[in-house]
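Working notes, beginning with the structure itself.
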Amino acid sequence: MRRHPLLALTLIPLACWLGFILPDLYASDPNLWAWRRALILFSGILALWWMSAGMLLATRPAWLENVFGGLDKLYRLHKNFGIGAGVLILLHWQLEWLPKTLSKAGLIARPARGGPRPPEDWWIGLAKEVGEWAGYILMALVVIALIRRIPYRYFRLVHKLFPLVFLAGAFHGLLLMPKDFWQTPLAWLTLAVAAVGVVPALLSLSGRIGRSLRHAAQIERIETCPDRVLLVGLRPTAQWPGHTAGQFVFADFGHRGEGPHPFTIASAWSPDDGTLTLAIKALGDYTATLAQRLTVGQSVMLEGPYGRFDFAADQAAHQVWIAGGIGVTPFLARLQALAEMPENERRVDFFYCLPRRHPGDVTDQLQALCAATGVRLHLRETDSDGQLDPAEVRAALQPSGSVWFCGPRTWGEALQRKLQSSGLLPGQFHRELFEFR
């Protein structure tokens, strides 16, 4: 599923370009400059299509979550569209700039003009200027997104410029389209695709994305665990819709410049109790300071719940769970949900890997919950026992069973390749990506 939208939003404009632009290009005895003009047009159109798709995905609508299997996968596609658009803009700019530069240097010949050039329209000049600066900013945004050393708060603030970049790019692209191009379906399709992106861009600039899913909450409990995990107990307002095990929220603790951060919910939902727990690992500069910055009674804004890491929707009679470190959080929520059920009909093997155990860490709670729910727990301390061998997972997995993974990305990808090479179907491996940058 993840490649299909990228492929579709490449093939559709490419097919139109090949069907309506390329024949006219060949009919006119094309030279280097004619090809340059056609490729500038196509790279700009494709970049606009991809930016518009990225803007739509940024609105986080529930129907798109259902289509792509969760917000984590939707955001991965959003990231791919953004990076791809940045590369296309770089190509678009080079196609415009490089031949002109080589021509001025006398390295390539430029066709003679047929008379003086008419004065440039003011709007055309503005569109060129706006498009050029929008391209520079978009390429910078892509670089910032890829450099993980740049703190999230700076990435987030810079990323807020993207709706303006998109609007500037749409203005540039549509206004500079050649008049004869409007005789082709591709021009009108591009106009429609750009319009699809304009609405999300305006929603983003007005701060309305996700507003209907925001709920106030209050911190009731703060507990620091020995493995650098902070447990934060929250009581949301009565309007909180509840959540299923495996979902996450964006939590805004009100710290200036930080905004909302995604955290998986580490507890099952009970309307009678009315609270939820976030398990936050000190992995970055912000999360490492939360223990000192949070207080009981503090107000928090939650947005969500999001995610489709839904164990209950799986029909397999046997599940294998695999977690590493803080990736245990969705499984904690599921174990608590199972503990409230009269009977757990599904068999589960749970492989939990951590560097080493500490007194009072999450493993004590895991052992108690697994004993109460009939889940077979396989604890592995990787510092002394080594890494989990995929063959152990394969041996535990029953025919037609499913695998549920939450942990480091590279480990998950390697494990998935190993298991699929030994017969596991792609639809039987469920992985929480949980990377929003």
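The values are calculated or read from the model by the stated rules, or taken from the named source; none is laboratory data. Nothing here was measured: the structure is a model prediction, and the numbers come from that model. Please note: Cβ atoms are built from the backbone with ideal geometry, for glycine as well, and neighbour counts cover all protein chains shown. For accessibility, only protein heavy atoms count, side chains too; no ligands or nucleic acids. Shrake-Rupley method; radii C 1.70, N 1.55, O 1.52, S 1.80 Å.
Structure notes:
- Matching residues, region 194-228, being small (Gly, Ala, Ser), loosely packed, with under 15 Cβ neighbours inside 10 Å and more than 25 Å from the chain's Cα centre (by Cα): none
- Positions within region 302-352 being among the small types (Gly, Ala, Ser) and either assigned to a loop (DSSP other than H, G, I, E, B) or open to solvent by less than 20 Å² (accessible area, probe 1.4 Å) (or both), in sequence order: GLY304, GLY307, ALA316, ALA317, ALA323, GLY324, GLY327, ALA333
- Within region 376-397, the presence of at least one residue that is touching a residue at least 60 places away in the same chain (Cβ under 8 Å) and outside any helix (DSSP H, G or I) is confirmed.
- Selection within region 404-413 - open to solvent by 40 Å² or more (accessible area, probe 1.4 Å) and either touching a Pro at 6+ places or on another chain (Cβ under 9 Å) or in contact (Cβ under 8 Å) with a residue 12 or more places away in the chain (or both): PRO408, ARG409, TRP411
- Within region 190-242, the set of residues being β-branched (Val, Ile, Thr) and either under 30 Å from ALA288 (Cα atoms) or in contact with an Asp or Glu (Cβ under 9 Å, 6 or more places away or on another chain) (or both) comprises ILE209, ILE219, ILE222, THR224, VAL229, VAL232, THR237.
- Region 62-73, residues that are of a type in the set (A, V, I, L, M, F, W, C) and over 18 Å from ARG211 (Cβ atoms): VAL67, PHE68
- Among the residues of region 377-393, the ones that are of a type outside the set (D, E, K, R) and loosely packed, with under 14 Cβ neighbours inside 10 Å come to 4 in all.
- Residue in region 18-58 that is surrounded by the most Cβ atoms within 10 Å (Cβ to Cβ), counting only those that are among the charged types (D, E, K, R) and farther than 19 Å from LEU102 by Cα: ASP24
- Candidate set: region 267-289, residues that are in a loop (DSSP other than H, G, I, E, B) and among the polar types (S, T, N, Q); chosen: the one least open to solvent (accessible area, probe 1.4 Å): SER267
- Total residues in region 35-76 satisfying the condition of being in contact with a helix residue (DSSP H, G or I) (Cβ under 6 Å, 6 or more places away or on another chain) and in a helix (DSSP H, G or I): the figure is 25.
- Segments classed as strands (runs of 3 or more DSSP E), wholly inside region 206-266, with at least 1 members that are farther than 27 Å from HIS159 by Cβ: 214-224, 229-236
For every residue, the table says whether it meets (1) within 24 Å of GLU120 (Cα to Cα); (2) touching a His at 6+ places or on another chain (Cβ under 9 Å); (3) crowded, with 18+ Cβ neighbours inside 10 Å.
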position	(1), (2), (3)
GLY135	yes, yes, yes
ILE144	no, yes, no
ARG149	no, no, no
TYR154	no, no, no
LYS160	no, no, no
PRO163	no, no, yes
ALA168	yes, no, yes
ASP180	yes, no, no
PRO185	no, no, no
